[in-house]
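The values are calculated or read from the model by the stated rules, or taken from the named source; none is laboratory data. Keep in mind that this is a model prediction, so the values were computed, not measured. Every residue, glycine as well, gets a Cβ built from its backbone with ideal geometry; the counts of neighbours run over all protein chains shown. Heavy atoms of the whole protein, side chains included, go into the accessibility calculation; ligands, DNA and RNA do not. Shrake-Rupley method; radii C 1.70, N 1.55, O 1.52, S 1.80 Å.
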There are 2 protein chains.
Amino acid sequence: MKLADLPKNDCQWLRGVGPMHDVVISSRVRLARNIAGMPFLTKCSPQQQQDLEALLRKTLLEAQLAPEMLYVDVQQACELDRQLLLERHLMSKPHAKAEHPRGLAVSADETAAIMVNEEDHLRMQVLRSGLQIEQAVEQIARIDEKLEARLDFAFHSRYGYLTACPTNVGTGLRISTMLHLVALKLTGEIEKAFRAARDLHLAVRGFHGEGTEAVGDLFQVSNQTTLGRSEQQIVEEFCTQIIPQFIRYERLARTSLFKRNALAIEDKICRSLAMLRSARLISSAETLYHLSLVRMGVHAEVIKDVDLKTLNALFLMIQPAHLQKVRGQEIDSVTRAVVRAEYLRKTLGGN
Amino acid sequence: MKLADLPKNDCQWLRGVGPMHDVVISSRVRLARNIAGMPFLTKCSPQQQQDLEALLRKTLLEAQLAPEMLYVDVQQACELDRQLLLERHLMSKPHAKAEHPRGLAVSADETAAIMVNEEDHLRMQVLRSGLQIEQAVEQIARIDEKLEARLDFAFHSRYGYLTACPTNVGTGLRISTMLHLVALKLTGEIEKAFRAARDLHLAVRGFHGEGTEAVGDLFQVSNQTTLGRSEQQIVEEFCTQIIPQFIRYERLARTSLFKRNALAIEDKICRSLAMLRSARLISSAETLYHLSLVRMGVHAEVIKDVDLKTLNALFLMIQPAHLQKVRGQEIDSVTRAVVRAEYLRKTLGGN
């Protein structure tokens with residue numbers, strides 16, 4: 001796979017086919033690993049950073065983790081490419097913004113992405129459509145095993161895997177789901193749901209993870225504790241208790257919205273689709289607001305001529321770097337509003 | 001013609017075909033006349049009011065003013081019918097609300113409408129599409145002549161025709177045009193235009209005349225002075241100086257809007273049409289706001305699949321009494337918002 005193919009890549013996690021996909025957009029698991037005998041990244045000399053990048057690049061390409069693995073030299077990549085990878089949730093904001101030697105390996109279906117020299121030497125991620133935490137954990141475990149066969153990871157018999165930040169020590173495992181909580185937002189119950197989440201030691205974040213805003217009513221809910229508990233315990237609690245509870249809340253809120261005033265919510269949904277199909281100028285924020293309502297409308301069968309895969313892809317495609325990649329040139333934000341509107345009309349059959 | 005046919009009547013003044021119809025929706029002239037030897041209406045006894053109504057009804061039906069003349073006994077008419085006639089600009093609000101014996105004669109094409117026992121014994125109106133003041137004056141003069149051949153009008157050799165209110169004494173002629181000043185409203189220049197109008201002793205009023213609000217950026221501009229000037233002078237000044245000036249201002253404002261940021265105004269127009277074509281619930285006020293922008297869009301050829309006649313008719317059809325007449329029953333305002341949205345989607349080909 002080439003980097004240039006990414007914007008139009010039919011990536012697995014956006015297909016909208018996984019379990020509970022009315023509420024759960026995607027499931028993500030992450031492992032943090034460091035090479036034994038090497039300092040954590042912030043303590044590395046420039047030479048050590050470079051050596052690490054070279055070693056890990058070679059290992060990732062040789063380990064046959066997935067067919068057609070793409071490796072991006074992030075230090076050499078242009079800003080637009082880095083922005084694109086960020087928008088596709090394949091790497092973190094700090095990784096995009098940094099300047100030291102670093103890289104990123106991505107599988108062709110984009111389910112697997114491994115950052116080299118982020119906060120830890122290796123940050124592996126598996127991202128899948130719908131509620132597929134267990135499947136994602138299995139997939140990442142296979143990657144971890146393949147790499148561990150070639151690399152010596154820093155491990156402490158009592159603490160577990162050692163990581164640059166103490167919150168990741170132990171399993172190094174973080175699980176998160178991207179939830180579409182549009183009805184809880186509309187009914188104003190979302191704050192209550194978030195308070196409950198914080199009581200369960202969960203972190204609730206925006207569309208692009210730590211320090212970002214929620215857009216399009218999409219929220220990342222993830223576990224916070226990695227130390228002192230087994231991977232299995234973490235996964236089980238998350239999959240059988242926590243996320244199902246969010247799904248129940250959101251589904252109840254949707255039902256109650258339609259029960260209370262079906263016509264009012266249908267009106268909102270139909271107008272949102274009409275805006276996306278007719279605007280000549282539209283911002284990201286407004287687009288995401290409408291996409292969110294339309295997504296609920298598709299699940300509620302208010303809208304029948306738009307499919308979920310198209311909608312999920314639009315959440316990515318209308319972002320700045322994607323628009324510029326599709327257009328094939330850098331464009332300013334005013335022109336982007338025009339290009340975005342054109343893209344929406346074309347994709348959604350507007351006029 | 002029957003009253004029941006009115007809501008779907010293809011009335012002349014809404015056809016959108018007259019001169020300058022991009023800005024001038026319609027032209028209206030009105031004459032006020034009173035029967036000599038009878039007191040003005042407020043001074044009449046109930047018996048005199050009844051006698052007047054009977055006499056004038058008979059005269060109007062016999063005078064062959066227009067083919068298929070409809071006469072409505074307004075005192076007997078139900079509230080919905082009175083509201084309908086008001087919405088169609090065929091009678092005034094006070095005439096709709098009063099309780100004494102009174103009537104209304106309407107020609108089949110709705111260009112001519114004559115109120116019996118309004119403020120004056122007779123209030124004749126001619127309403128035509130676009131800028132057609134001269135034609136309207138000719139038409140009303142013919143009606144006036146035919147009636148004067150059968151009735152003795154109160155006339156003073158020095159003051160002219162006598163009327164209940166001194167502002168109408170003289171010719172009894174009032175001229176007005178319904179102007180669509182959407183661009184002047186958007187550019188914020190409308191107040192300036194209105195100040196200029198007041199300096200010229202013009203009255204600027206809302207959609208339904210005196211004491212009503214402007215809706216859909218439609219304004220009634222009319223002359224105020226009737227005393228001491230000939231009909232010809234009034235008409236000439238109005239048609240060759242005053243209204244052309246308004247038209248120039250509005251057209252300049254439209255050009256400048258498109259010149260400054262064509263895409264922004266096209267965006268506004270396209271979104272308005274999309275709202276009308278997609279809403280499931282919509283108020284009169286919101287509908288008129290969108291109709292106004294769409295009307296400008298049709299003239300600017302931003303919108304090509306909607307015709308002016310349809311749009312002009314919608315300004316009437318989405319009003320409460322019209323919706324109820326079309327539906328064939330009385331409906332509350334919440335249901336009207338649903339029926340209005342359905343009607344708009346059906347008429348404009350929405351989904």
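How much net charge surrounds B:A313 when only other residues with a Cβ under 13 Å from its Cβ are counted (Lys, Arg +1; Asp, Glu -1)?
Once positives and negatives cancel, what remains is +2.
Excluding same-chain neighbours fewer than eight residues apart, the lysines reachable from B:K58 by a Cα-Cα span under 28 Å are B:K2, B:K8, B:K43, B:K93, B:K97, B:K146.
So, R0 is 35 Å and r is the distance between the beta-carbons of B:Q50 and B:L316; what FRET efficiency does that work out to, to 0.05?
Approximately 0.60, to the nearest 0.05.
About the Cα centre of segment A:261-348, how large is the charge dipole given +1 on each Lys and Arg Cβ and -1 on each Asp and Glu Cβ? Please answer in debye to the nearest 20.
The calculated dipole for segment A:261-348 is roughly 200 debye.
Between B:N261 and B:D332, the simple spin-label model (points 7 angstrom out along Cα→Cβ) gives 4.2 nm.
In this structure, the amide hydrogen of A:S26, modeled 1.01 Å from its nitrogen in the peptide plane, lies closer than 5 angstrom to those of A:G130, A:M178, counting only residues at least 5 positions away or on a different chain. What is the distance in Å between the Cα centres of segment A:229-278 and segment B:232-281? Centre-to-centre distance over Cα atoms comes out at 44 Å.
From the protein chains alone at 1.4 Å, what is the descending order of accessible area for B:F315, A:F258, largest first?
A:F258, B:F315
Pick from B:H322, B:H121, B:H100: which is most flexible by mean-square fluctuation in a GNM of chain B where alpha carbon atoms under 10 Å apart are linked? Its mean-square fluctuation being the largest, the pick is B:H100. The value of relative contact order for chain A, using C-alpha pairs under 8 Å at least six residues apart, is 20 percent. Counting charges near A:M20 (Lys, Arg +1; Asp, Glu -1) among other residues having Cβ under 11 Å from its Cβ returns a value of 0.
Interface residues of segment B:267-284, defined as a loss of at least 30 Å² in heavy-atom accessible area between the chain alone and the complex of all protein chains with a 1.4 Å probe, are B:D267, B:C270, B:R271, B:A274, B:M275, B:S278, B:R280, B:L281.
From the square roots a ≥ b ≥ c of the eigenvalues of the alpha-carbon gyration tensor of segment B:38-94, which class results: rounded (a/c under 1.5), prolate (a/b over b/c), or oblate? Because a/c hits 1.5 or more and a/b fails to exceed b/c, segment B:38-94 counts as oblate.
Suppose only helical runs count, i.e. DSSP H with n ≥ 4. What mean residue ellipticity at 222 nm does that imply for chain B under -39500 (n - 2.57) per run, divided by all residues and rounded to the nearest 500 deg cm²/dmol?
Value at 222 nm, helices only, nearest 500: -14000 deg cm²/dmol.
For chain B, the square roots of the Cα gyration tensor eigenvalues, ordered a ≥ b ≥ c, give a/c of at least 1.5 with a/b no greater than b/c, which places it in the oblate category. When the charge dipole of the protein assembly as shown is built from unit charges on Cβ atoms (+1 for Lys and Arg, -1 for Asp and Glu) and taken about the Cα centre, the candidate among A:G188, B:S284, A:L173 whose Cα reaches farthest toward its positive end is A:G188.
Roughly how many debye, to the nearest 20, is the charge dipole of chain A about its Cα centre, given +1 on each Lys and Arg Cβ, -1 on each Asp and Glu Cβ, and no other charges?
Details: 45 positive and 42 negative charges, 170 e Å.
Using only the charged Cβ atoms, the result is roughly 820 debye.
Protein heavy-atom accessible surface, 1.4 Å probe, per residue over segment B:221-268: 55 Å².
Working from label points 7 Å from Cα in the Cα-to-Cβ sense, the B:S283 to B:E236 distance is 4.8 nm. In this structure the amide hydrogen of B:G216, modeled in the peptide plane, comes within under 5 Å of the amide hydrogens of B:Y289, none closer than 5 places in sequence on its chain. Among B:Y161, A:Y159, the order of accessible area from largest down is A:Y159, B:Y161, computed with a 1.4 Å probe on protein heavy atoms. With the whole protein complex present, B:M115 retains an accessible surface near 20 Å², based on a 1.4 Å probe. Within the shell of other residues whose beta carbon sits under 15 angstrom from the beta carbon of B:H121, the net charge comes to 0, with Lys and Arg scored +1 and Asp and Glu -1. Along the axis of the charge dipole computed for chain A (Cβ charges of +1 for Lys and Arg, -1 for Asp and Glu, origin at the Cα centre), the listed residues A:L263, A:F155, A:L14 are led at the positive end by A:L263. Could you check how much of the accessible area of chain A is carbon and sulfur, as a whole percent, using a 1.4 Å probe? So the carbon and sulfur contribution to the accessible surface is 50 percent. Leaving ligands and nucleic acids aside, the A/B contact buries around 1400 square angstrom of accessible area in total at a 1.4 Å probe radius.
Could you point to the residue in A:I35, A:L3, A:V126 farthest towards the positive end of segment A:3-250's charge dipole, with +1 and -1 charges on the Cβ of Lys/Arg and Asp/Glu respectively? Towards the positive end, the residue furthest out is A:I35. Dividing the mean sequence gap of close Cα pairs (under 8 Å, 6+ apart) by how many residues segment A:242-351 holds gives a relative contact order of 33 percent. A 1.4 Å probe, protein heavy atoms only, puts the accessible area of A:K58 near 120 Å². Across chain A, the longest run free of exposed loop sites, meaning GluC sites (Glu not before Pro) lying outside DSSP classes H, G, I, E and B with no more than 14 other Cβ atoms within 10 Å, spans A:100-209. Closest approach of a chain A Cβ to the axis relating A and B (residue, whole Å): A:A274, 2.
At a Förster radius of 25 Å, what calculated FRET efficiency corresponds to the Cβ-Cβ distance of A:K304 and A:D5, to the nearest 0.05?
Once the sixth-power term is evaluated, E becomes 0.20.
About its Cα centre, segment A:1-115 has a charge dipole of approximately 360 debye under the convention of +1 per Lys or Arg Cβ and -1 per Asp or Glu Cβ, with nothing else charged. B:D51 contributes an accessible area of around 80 Å² to the protein surface, as traced by a 1.4 Å probe with all chains present.
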